[in-house]
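Report on the structure given below.
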Amino acid sequence: MNDTSTPVGWRWWQLTDDGRLSGFHTPYARQPWPRQSYVTAVCNHGRTDHGPHDAPWPDCECGIRVMPNLSHLLDGIRKHPARTGITPQAWRVIGGTAYHADRAHHGVLYVPDVIGQVVTAGRIEDACPWDDPPGTFRAQRASVGAVLHLSAHLARLAPTVARWYPHAAVCVGQTTGLAWLDEISSDHSDHQGGEVSASPP
């Protein structure tokens with residue numbers, strides 16, 4: 001693709017202990033996304049592999065994963081949880097015992113903590129065919145967009161998330177688990193994710 005446009009897309013995050021957004025893949029696992037600036041993609045492959053190089057690279061897995069619209073993201077979470085990085089095994093790695101126990105208690109082992117918009121910048125590459133769910137694109141830079149959705153079991157953290165990301169509307173769901181995904185889909189039934197108005201922070 002090698003595009004340099006700035007599309008608005010959708011992605012998921014986990015929450016750090018202090019209520020900030022965190023990615024799953026290194027070097028962003030358990031590392032908070034900044035409040036009003038861009039995260040820049042980094043290739044993790046060593047010199048003995050086919051990297052490092054500027055991310056995203058056409059024949060690599062590097063880049064910040066983004067879905068062009070909400071329906072693509074929700075479909076990927078439902079049908080391709082392992083390729084989306086959402087598995088019970090992953091939560092054990094990126095969160096402590098109490099974090100995993102809380103997820104198991106609320107029945108949210110196969111859904112993320114937060115779903116929201118991102119604004120991308122720089123180069124854009126297509127999905128990595130052996131690693132990404134259908135519809136994914138990989139961005140060079142991305143920042144938190146205009147909307148963040150939290151599952152009902154994380155309602156207590158909503159004020160903290162809102163303080164960290166004051167430009168985003170923080171929406172707390174009424175449900176958890178897969179029902180929460182249906183709730184988000186219903187909330188956005190009047191428009192597609194990439195068409196929602198959002199400006200770079």
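Annotations
- Environment charge of W57, counting only residues whose C-beta is closer than 10 Å and scoring Lys/Arg +1, Asp/Glu -1: -2
- Paramagnetic label zone (point 7 Å from Cα along Cα-to-C-beta, A179; backbone N under 13 Å) in the stretch 134-160: 152-153
- Oblate is the label for the stretch 136-186. Its Cα gyration tensor axes, ordered a ≥ b ≥ c, give a/c of at least 1.5 and b/c at or above a/b.
- Point-to-point label distance, D131-A169, nm (Cα→Cβ direction, 7 Å offset): 3.4
- Here's how it looks for C171: its modeled amide H is under 5 Å from those of L148, H149, L150, which are all 5 or more places away or on a different chain.
- For C43, nonlocal amide neighbours, meaning residues 5 or more places apart or on other chains whose placed amide H falls under 5 Å from its own, are H53, A55.
- Segment R35-D59, extension gain: residue separation times 0.36 nm, minus the distance between their alpha carbons: 5.6 nm
- Legend: calculated FRET efficiency, R78 to A155, from the Cβ-Cβ distance at R0 = 22 Å, rounded to 0.05, equals 0.45.
No value in this document is a laboratory result; all are computed from the given coordinates. What you see is a predicted model; the values in this text were computed from it and never measured. Please note: Cβ atoms are built from the backbone with ideal geometry, for glycine as well, and neighbour counts cover all protein chains shown.
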